[in-house]
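Below is one structure, written out as structure tokens; the observations come after it.
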Amino acid sequence: MAYGNYEFGKDMGAIRADQASAAASLKGIEFASGASMVFNGLTAFNTAKAARSAEEQVALQREQHALQQAMAEQTARHEFSMWRQTPEGSAFVEWQQRAVALIPFLRDRDRSWQVAWSQAIGHARAQIPADEQRRLHRQPARLRQQPLKVLSIVSFVLLVFPLFGLGLAALTSSFSSGQARYDECVRNMSAILTQADCDAVKPSNPFVGPIVWLLVLVVLGIVLAVLRRARMRAARTDTTLAAEAAVRTARWGYDPLVTSGAWYGWHESEAFVGYADRLEQLVLNGPSVRPVPSQLLPLRIPAPWQPSERLPAEVNAYLATLRDENASLER
């Protein structure tokens, strides 16, 4: 499949101009002279270091680091400019120019493929009854039964709540005090204090109310836990959702309610999965890695799938567009 010769354009022109300027600036400068200049600069810095303030030292160190970094980048550019003149470097530059044009071309196809599927899925969802969609959306909540779980936990927590124990202690103290008053009333009964008067101050059993409350909480917690388990089991064994999903899949070839986009690529061959990423990595790392021609990935435009009656109309239309584009590129 032909893919043509791609050009960097203005960006490559700027890169070449920058490389030519860097090469011109290096001409006539001997390596020994350059080394002497660096050595003299370091000696002067060390001599004056002790007399400068800490702030000035930091500033000078930063400046020296920036200069060293700039020299390293200049050296890398110079070394690459030398390597690109070799047969291996020339092959890489020619491959890189075409790869730089191919990468966005492939990524644009990936994005358009997802858009075509999103449109098809949206149109299919619009045809599904609202109550059917609500049943599926509510299924996770039915499986968890979170409100019943929270209520059950709260019921059991109240059984051991510290303030509840303090309330029991207060009730016990109140009962003891009331019982003492009643006993004293009985001992002092006379014509003035009768049994009826003593019965009026006789305290009732303070433990009846708390015990009833404890029993209510225990029973409530158990009932809520059992009810939650029963509803979760009913949600898991409900065949309505499975039957509806089977009908949707039979109609569209996929389930629009659980599919958010294309789950496979627009190209027939699985070998092109991640192909654009691998190309981009080699384009960026090539100047430092300096691959030989046999390590360069072949530049190809994958063949798209054939339109099929099992696919949505939006997807088939895009596949037809891709095949027309490929045919025009092959001419």
- Message: Checking the conditions here, which among Pro129, Pro162 is at pLDDT 85 or above and either assigned by TED's automatic domain parsing to the domain that holds Ala235 or closer than 30 Å to Thr259 by Cβ (or both)?
- Response: Pro129
- Pairs, first within 19 Å of Pro256 (Cα to Cα) and modelled with pLDDT of 95 or more in the range 102-119, second of a type in the set (A, V, I, L, M) and surrounded by 14 or more Cβ atoms within 10 Å (Cβ to Cβ), C-beta under 7 Å, six or more apart: Trp113/Ala262; Gln114/Ala262; Ala116/Val315; Trp117/Ala262; Trp117/Val315
- Item | One residue from Gln139, Gln127 being part of a helix (DSSP H, G or I) and either in contact with a strand residue (DSSP E or B) (Cβ under 7 Å, 6 or more places away or on another chain) or surrounded by fewer than 16 Cβ atoms within 10 Å (Cβ to Cβ) (or both) | Gln139
- Message: Tell me which helices (runs of 4 or more DSSP H) are completely within the range 203-312 and hold 3 or more residues being surrounded by 12 or more Cβ atoms within 10 Å (Cβ to Cβ) and not assigned by TED's automatic domain parsing to the domain that holds Ala116, or say none if there are none.
- Response: 208-237, 240-252
- Residues of the range 276-327 being under 30 Å from Arg125 (Cβ atoms), without any contact (Cβ under 8 Å) to a residue 24 or more places away in the chain and among the charged types (D, E, K, R), which ones? Glu309, Arg323, Asp324, Glu325
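The values are calculated or read from the model by the stated rules, or taken from the named source; none is laboratory data. Bear in mind that the values here come from a model prediction, so they are computed numbers and not experimental data. Cβ coordinates were reconstructed from backbone atoms using ideal geometry, including for glycine residues, and neighbour counts include every protein chain displayed.
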